[in-house]
Structures are given as C-alpha cells and as structure tokens.
Amino acid sequence: MIRLKLYLVGILLLFVKLHAYSQAPSELSLSRAWELTLANYPLFAEDQAQIKAASYQKQLIQHQFLPQLQLQLQNTYGSYAGSIGSFFPLPGIFNVSASPAELTGSPHAMTNLYGSLLMDWEIYAFGRRGKQLEAASIQEQAYKSRYHASQIKVRSEISSRYLDILYNQVNVEWAHRNADRMQEILALAKSLAEAGLKPGADTLFALSAYQQAVGEGENWQGKAFESRTALSEFMAFPTDTLSFSTTSYLTPTEANLFTAPDSVSNHPYLITLQHEVSRAHVQRQLTRRNLFPSLSLLGGISTRGSGYSAGGIGEQWSAGFGNRADNYLVGIGLTWNLTSVYNNRLENKLAEQNTHISQSRYKTQALKLHTTLRAIEKRLSEQQKQLISTKSAVHSARQAYALYMTRYESGLISMTELLQLQLLLQQAERSEIEAFHQFWNQVILKAEFTGDFSYLSTHF
C-alpha cells in the first residue's frame, strides 16, 4: 500500500514538472526571429509574386518569336446583291466582289461559308525581339535582387527591434537593482532612526528615492512591452509568451568588426540599381530600333462556299457548304510605322534621361554605402574603447557605494551624501547601458550596409 502511494505521488510530481515545463516561456533567438519574419511577413510574398510575374513576361516575349496563327470560321445568312470592285475591310484582309451579271434570279437570301487560317511570322525586326527579351531578363534579375535587398532591410529592422527589447529589458533590470538598493537604504535608515542614531528625515529621503526607483522601473516595463509588440508586427507571431536573454547584451564577443569598403560592391542595394541602369540602357537601344520596319513571312489558306449554284439559290442553312472554293496565299510583308519617325526622337531623349536617372541613383547609393561604412567603422573603434571605460567606471562606482554604505551605517556621512553616491552609481550604470545601445545600433547598420549578419546571428 505504501509503495502504491509513493508511486502515485511520483506520477503526480512528474505531471506537475511537465506542466510547469510546458508553461515556461521559450527563449527567442535573433536567428529564429528572422526565420519567422521571412516566413510570415507579407512584403516577401509581394516580392516573390513580382519575380514570378517577370518570369511569365519573359516567357510571353519568347512566345512572340513563334509564328502567330489566326483562325476564322463563319457561316452566315444574308442577301447576295453584288457590286463590282474590291476593297480592304480590315488591315490584312481583302475582299473582291463578283460581277452582278453572273448572278441570275431575284436577290433572295442565301447562306455563305468562310474559313481561313493565317500565319504571320515576324522573321526580322532589327533585333527588337532580342532586346525585349534582354530587358525582360534584366527585369527578372532586378526583382530577385530587390527581394534580397528587402530581406536585408527587414532583417536589419528586426535586429533593431529585437535589440530594443533587450535594451528595455536591461533598463528594467537596472531599475530593479536601483529599487533594491534604495529599499536596503530605507530599511537601514529606519533602523538607525528607531535607534536614535539618525534623524527621521533620513527615512523620508530614502522613501522618496525608493518610490522614484519603483516608478522608473514601471516606466521601463511599459517600454519593454511596447517593444515586444513592435517586434510581433513583423513576425506575425505573438511575443507575450517568449523570453529574451539579456546576458549577451552587455558582453559582446571578440570579433573583427572592420571590413574594407570594397566589400559592398556586391551589395544587393547596389546590384538592384545596377540592373535598373542596364535595363534603361537596353530600353534606349530598343527605342532606337523601333524606328526600323519589320519583315514578316505570311501564309494562309481559306475555303469559301456559297448557297448560289447553277441550279438556283439554296435557302437551307447548310447550303453554304456547297460550291466551295479553296485558296492559299504566301508572301512577304513589310510593316513600317512611318509616323514613329518623329515620336522616336522624343522617345530616344526620354530613354536617355531615364538612363541618366538610373546612373545617378546608383552612384548616390554607392557613395552612401562607402562613406557610411567608413564612418561606422571609425565609430565602432572608439565605442569599443568606451565600453571598456564604462565597465571600469561601473565597477569602481559599485565598490565606492559599498564603502560609503558602510560609512553611513557607522554615522560618518549623511543620508544626502549617500543618496548622491547612489545617484552617481545609477548614472554610471545608465551610461554603460547607453554605450552598449549605441554600439549595437552601429553593429546593425554595419551588418545592413555589408549584408553580413553573421556576427549578430552567432552572438544573439
């Protein structure tokens, strides 16, 4: 019986542990945040759709290299009063009417059959098709580069919001430490005041400082919640049940954060603009070639039937299938839009200006990447020195605070002096947090401008 009870107690404890484990918030790494964003953010679905659309456009242009076939079938019923002469009812179609002398009898209605199959194969267009295909290929590559550029931009934004959560959480911990210290000072002031060793006003001073520290912690707690909500916008995933480790925030690992400016030459930001320059150049060449005609190979077959015969007029609906005449026609056609001669001059000037615009955008972006990257690297070099100094300052301030806490307890200093020292310690710790905040912002900018997020992914 005792064994059974022990067995049941063990099973109960196991379930309690499993339940507690299942309810524990899982820790979200920066790499996992990137994965969730890439999988759920709608912007990437739009970029992927643009890539597919560009691929379909490329296939459509390739299909235009093939002969164009047009099929026409009709069976009509109407009068047959003819008129001598011929005309072009539509471009590419001609009609010749028979002589009314060949028709006998009254102009009763009759059925007519007509069917044709026409092939129009543009065999030479002065390279226009090839340039259109080249422009479509460049556009497809541009959308792919834009997709990679969007990934880098969003990854940088996610990194910034992720580190904002850590920054706010570190400040929450800093506020709690301050509150704990002020609570310790308050308890000491009460005990000394009750013993008659310190005035009661010291208790009020300590209480006021303690309440301010608690309020500061609540303020940072609200900012931490706000930053969590901002991150969930990109991930399309709630962050309330997730935990974030702040251990790595104040302890950056040793790494080479300095890269030569030439490393940005293959950055997707620049590659996207380079594709725009190439496409504008090809579009200008295509505009020039639009001035020339196109040469086509034409071929067609047709069959034509009429309800009129030597025996008279067939008024049945199927009578048009009789008296059929089959014909074929082959030839070469030249198409030249003469009115485009003047318009082509303007289109060429427009394409030239579009090329200049694309080139200017590329040069501006390249200059921005190179100069900003050099500035970031110089700032990171100085910030790394600042981090060492602030850590040393915090360590010294904490040692001094511990000593002066003992001096206050011994009655050697006043409450005002102790609170001033506590304030100096708070400022030293805040300076360290702000220094790391600026350092990580520069690391994110450098990762975006180089396209290399490996340091952030391994550290967080």
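Counting other Cβ atoms within 10 Å, keep those with at most 13, restrict to DSSP loop, and tell me which trypsin sites (Lys or Arg not before Pro) in segment 374-443 are left.
Working: sites: Arg374, Lys378, Arg379, Lys385, Lys391, Arg398, Arg407, Arg430; in loops: none.
Here no trypsin sites (Lys or Arg not before Pro) fit, given the DSSP loop and packing criteria.
Within a straight-line Cα-Cα reach of under 22 Å, Lys198 can be paired with the following lysines, leaving aside sequence neighbours fewer than 8 residues apart in one chain: Lys190. Rolling a 1.4 Å probe over the protein heavy atoms gives segment 309-460 an accessible area of 61 Å² per residue. Carbon-plus-sulfur fraction of the accessible area of segment 375-443, 1.4 Å probe, in percent? Reported share for carbon and sulfur atoms: 54 percent.
Kindly report the accessible area of segment 136-258 per residue (heavy atoms of protein chains, probe 1.4 Å, no ligands, DNA or RNA), in Å². Intermediate values should be presented prior to the final figure.
On the way: 5970 Å² over 123 residues.
Value for segment 136-258: 49 Å² per residue.
Computed from label points 7 Å out along Cα-Cβ, the spacing between Lys391 and Arg324 is 9.4 nm.
Reducing segment 183-221 and segment 341-406 to their Cα centroids gives an inter-centroid distance of 45 Å.
Taking a 25 Å limit on the Cα-Cα distance, which of the listed pairs Lys52/Lys153; Lys144/Lys446; Lys153/Lys368; Lys58/Lys363 fall beyond it?
On the way: Lys52/Lys153 21 Å; Lys144/Lys446 23 Å; Lys153/Lys368 15 Å; Lys58/Lys363 28 Å.
Too far apart for the 25 Å limit: Lys58/Lys363.
The values are calculated or read from the model by the stated rules, or taken from the named source; none is laboratory data. Since this is a predicted model, take the numbers as computed values, not measurements. Quick reminder, even Gly has a Cβ in these numbers, built from the backbone with ideal geometry, and neighbours come from all protein chains shown. Each accessible area value is taken on the protein alone, full model and side chains, heavy atoms only, with ligands, DNA and RNA left out. Shrake-Rupley method; radii C 1.70, N 1.55, O 1.52, S 1.80 Å.
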